[in-house]
1. Can you tally the net charge around Y286? Count Lys and Arg as +1, Asp and Glu as -1, for every other residue whose Cβ sits under 14 Å from the Cβ of Y286.
2. Roughly how big is the chain's charge dipole about its Cα centre, with Cβ charges of +1 (Lys, Arg) and -1 (Asp, Glu), in debye to the nearest 20?
3. For K145 and K107, compute 0.36 nm times the residue count separating them, minus their Cα-Cα distance, and round to one decimal in nm.
4. Give me the one-decimal Kirkwood hydrodynamic radius in Å for segment 8-121, with the sum taken over alpha-carbon pairs.
5. Have a look at segment 125-266 and give its Rg and Dmax from the Cα atoms, expressed in angstrom.
6. Using the alpha-carbon atoms, what tilt in degrees (0 to 90, nearest 10) does helix 234-267 show relative to the longest principal axis of the chain?
7. Report, in degrees rounded to the nearest 10, the 0 to 90 angle that the Cα long axis of helix 199-227 makes with the longest principal axis of the chain.
8. Given segment 74-185, report the % of alpha carbon pairs whose separation exceeds 23 Å.
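Values quoted throughout were computed directly from the atomic coordinates according to the rules given, and no laboratory measurement underlies them. Note that the structure is a prediction, hence the values are computed from the model and not measured. Don't worry about glycine lacking a Cβ; one is built from the backbone with ideal geometry, like all the others, and counts go over all protein chains shown.
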Amino acid sequence: MKRIYTLAVAVALAGAMQAQTLADYANKGDAAMNAQKYQEAIDNYIKAQELDKDNTDYMTAFQLASAYLQVGDQEKAGDAFKASLLKGNFDQAVINNMKNAYEAAGKPEKVKESYIEIKTANPEQTLAMDSKLYYIYSKEKDWEKALPCCLTILNDPNISEDKQKKFYMNAAQLYLNLQQADSAEVYYGKVLAIDPENANVHKALGYGFYNTIMNIKKNAEAKYNAKKNDPKNAQHYYSEMQTTTKRATLNYGPKAIEHLKIANKTLNDPDVAKIIGQLENNVAAYKK
């Protein structure tokens with residue numbers, strides 16, 4: 001029994017030593033930082049992080065990032081800041097530090113990758129990360145990826161009315177960029193429910209419908225031009241092109257006219273008036 005007891009004590013002591021060892025390395029790292037021995041601090045913080053089996057020691061990861069900054073290794077600093085975030089240190093300053101470090105290292109793509117990794121590992125951070133990813137994707141003109149981020153922002157229960165209105169507009173524009181005019185109408189409609197006489201919204205929606213017609217027409221013409229040399233089916237393809245254009249004009253033309261007319265009561269823009277006239281003529285011609 002004595003030998004078993006001795007073994008149990010030894011195991012317990014070994015566990016305590018291992019727990020102390022992590023703290024000991026972290027403390028050595030802090031002491032080295034205070035003494036401005038930054039490489040020594042890095043070596044100790046790395047050893048402490050290697051013993052972080054629960055992956056929760058975000059403070060040492062943060063200290064490691066700070067040490068890397070002191071030696072001028074921006075990319076590794078960014079990696080350590082990200083590690084701190086992944087371990088649960090969700091502080092805006094840490095997010096900014098990570099972004100700044102990666103950008104200083106000439107690795108802006110790592111900022112986007114990190115935001116995605118953080119929200120994947122910690123779904124509760126989806127709103128915070130999507131808010132940042134929205135601007136990155138928008139800048140890159142990646143409308144398809146920007147849209148779900150925009151919708152995440154709109155789903156925030158604490159969103160202010162002004163911000164909500166702004167992102168209704170943003171969502172509508174993204175849908176237009178993706179050539180989904182019907183969905184754009186839904187979100188512009190949400191803005192108009194708040195501000196019914198907003199001339200800029202009516203103009204944007206009117207132009208959105210007009211551009212939708214033009215895009216459908218352009219695609220139909222391209223499809224016809226690619227097949228018109230087939231003498232057997234050329235007439236069929238021409239009719240198909242005309243039918244597609246007619247449907248688009250009759251479907252979206254009246255809506256475009258309605259919104260552009262409301263907008264032009266305030267804007268009195270001759271270019272808008274010219275498009276209204278063009279649409280009215282086209283709609284009338286297709287109705288005959």
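1. Details: positive: K217, K246, R247, K287, K288; negative: E280.
Neighbour charge sum, excluding Y286 itself: +4.
2. On the way: 37 positive and 35 negative charges, 260 e Å.
In debye, rounded to 20, the chain gives about 1240.
3. On the way: separation 38, 0.36 × 38 = 13.68 nm, distance 2.04 nm.
Taking K145 through K107 to full extension adds about 11.6 nm, to one decimal.
4. Working: mean 1/r = 0.0688 Å⁻¹.
It works out to 14.5 Å.
5. 18.6, 62
6. Orientation of helix 234-267: about 80 degrees from the principal axis.
7. Relative to the chain, helix 199-227 is tipped by roughly 80 degrees.
8. 35
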